[in-house]
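Student: Mind having a look at this structure? Questions to follow.
The values are calculated or read from the model by the stated rules, or taken from the named source; none is laboratory data. The model shown is predicted, which means the values in this text are computed figures rather than measured ones. All Cβ positions, glycine included, derive from the backbone under ideal geometry; neighbour counts span all protein chains shown. Just so you know, the surface numbers come from the protein's heavy atoms only, side chains and all, with ligands and any DNA or RNA stripped out. Shrake-Rupley method; radii C 1.70, N 1.55, O 1.52, S 1.80 Å.
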Amino acid sequence: MKKIKAALLGCTGLVGQQFIRLLDDHPFFELACLTASSGSAGRTCAAALADASATIAHAATLALVIRETTAAEIIRSRARVVFSALPAAAAGPLEAELRAAGLRVFSNAGAHRMDASVPLLIPEVNPGHLELCRAQLRDHEGFIVTNPNCVVAGLALALKPLTALGLRAVTVTTFQAVSGGGRRGVAAWDTLGNIVPFIAGEEEKIVRETGKILGELAGDHVAGSPIEIFPSCCRVPVREGHLQSVSAEFDRPVSSGEIREALAGFAAEPQQLKLPTAPAAPIIVRDEADRPQPFLDVQAGETGPVVAGRHGRARGMAVSVGRLRPRGRRCDLFLLLHNTVRGAAGGSVLNAELAASKGLIPGR
Ligand SMILES: NC(=O)c1ccc[n+]([C@@H]2O[C@H](COP(=O)([O-])OP(=O)(O)OC[C@H]3O[C@@H](n4cnc5c(N)ncnc54)[C@H](OP(=O)(O)O)[C@@H]3O)[C@@H](O)[C@H]2O)c1
């Protein structure tokens, strides 16, 4: 089948680089346009990215010349799908302009996540919310689909199977990697040998985005979930992987066996459809006393063999859960996710694969 031309905005950032790895020789999409700020424009992908040839297999991708991020450049590339890894301030107006031009925009940025008609999507959790795209298509030529904040991408995925057990409240303390703040986001001086118990705006995002994702589709909007979320966020000196200490409260006593079975047995539409970036198991339960750990488990989700040093598409797409400790109506556990893969680029690519499989992207 013919591939759909795609543009990637913010290709030189930490999320952008993961997108390039995931879209290089993707079965549905073909990278036709890379953009970044004016400072990066004019360089090839190979020249701009430090370890490009280690992670990118195709000469055509390495030879792509980075353009300045303007609507005119993106439209001129004839891309039908746009992946956005821009900072929110730059993303907001541009993504709306590209939607008006008929493009299908899959965004990592926070700008449109809470718009009533924009799906905030995790394909295993709320695939039905993709229906909101049809509401957008009544008012616009194209649509925007967003993926959540990186903490929420792991938290909402792990909570989804627990909702069937009567989940009513969640207290979560995060240990977030420095890569969560972007390439220039967190000063080494503030981070090395330190833990900062504050990330601006993060706790508010966790509450509202988790509520929208676990909420119910009600016509042309989502009615938020009644599950209460109490977050506390820390930045820790780890490169990649957000660890979260979760205490879940249920409306009845829960057992270790039923929590384990609900998490380990969870699978959803992406697994049934065998979407290219879907991990075989979206939640991996670790039974060792000291797991999950960012160093050991951040790449969880591998499907398929390692070919010529390159890993499978689903590397970093599974959430690891461990140290399940039920007590009466509560269960404490740790979870870990790869913040720039499942929490960003990989989540967005999986959203686009699901949209394509539901006929929302012309040409597939
Ligand atoms: N890092 C994470 O774990 C994570 C997780 C979930 C969501 N997100 C979201 O994903 C987006 C990208 O995050 P990131 O961590 O990859 O950030 P980053 O490392 O700072 O990269 C930002 C990218 O945007 C480009 N850019 C910056 N300002 C621009 C402007 N005014 N116009 C055009 N391009 C501009 C940069 O180009 P130059 O290199 O040329 O400056 C770079 O390619 C953000 O919205 C972030 O909130 C990040």
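Student: Assess whether Ser38 counts as being assigned by TED's automatic domain parsing to the domain that holds Leu350, over 30 Å from Glu203 (Cβ atoms) and within 11 Å of the ligand (Cβ to nearest atom).
Tutor: Yes, satisfied.
Student: Any residue that is open to solvent by 40 Å² or more (accessible area, probe 1.4 Å), away from the ligand (no atom under 16 Å from the Cβ) and among the aliphatic types (A, V, I, L, M) - is there at least one of those in segment 61-74? Before you say what the answer is, go through the steps one by one.
Tutor: From segment 61-74, those open to solvent by 40 Å² or more (accessible area, probe 1.4 Å) are 63, 65, 67-68, 70, 72-73; that's our starting set.
Those left that are additionally away from the ligand (no atom under 16 Å from the Cβ): 63.
Filter again for among the aliphatic types (A, V, I, L, M), leaving 63.
Looking through segment 61-74, at least one residue is open to solvent by 40 Å² or more (accessible area, probe 1.4 Å), away from the ligand (no atom under 16 Å from the Cβ) and among the aliphatic types (A, V, I, L, M).
Student: Look at Glu228 and say whether it is charged (D, E, K, R), out of contact with any helix residue (DSSP H, G or I) (no Cβ under 7 Å at 6 or more places or on another chain) and free of Cβ contacts under 8 Å to residues at least 24 places away in the same chain.
Tutor: no
Student: Among the candidates Ile229, Ile206, which residue alone is more than 17 Å from the chain's Cα centre (by Cα) and buried (at least 21 other Cβ atoms within 10 Å of the Cβ)?
Tutor: Ile229
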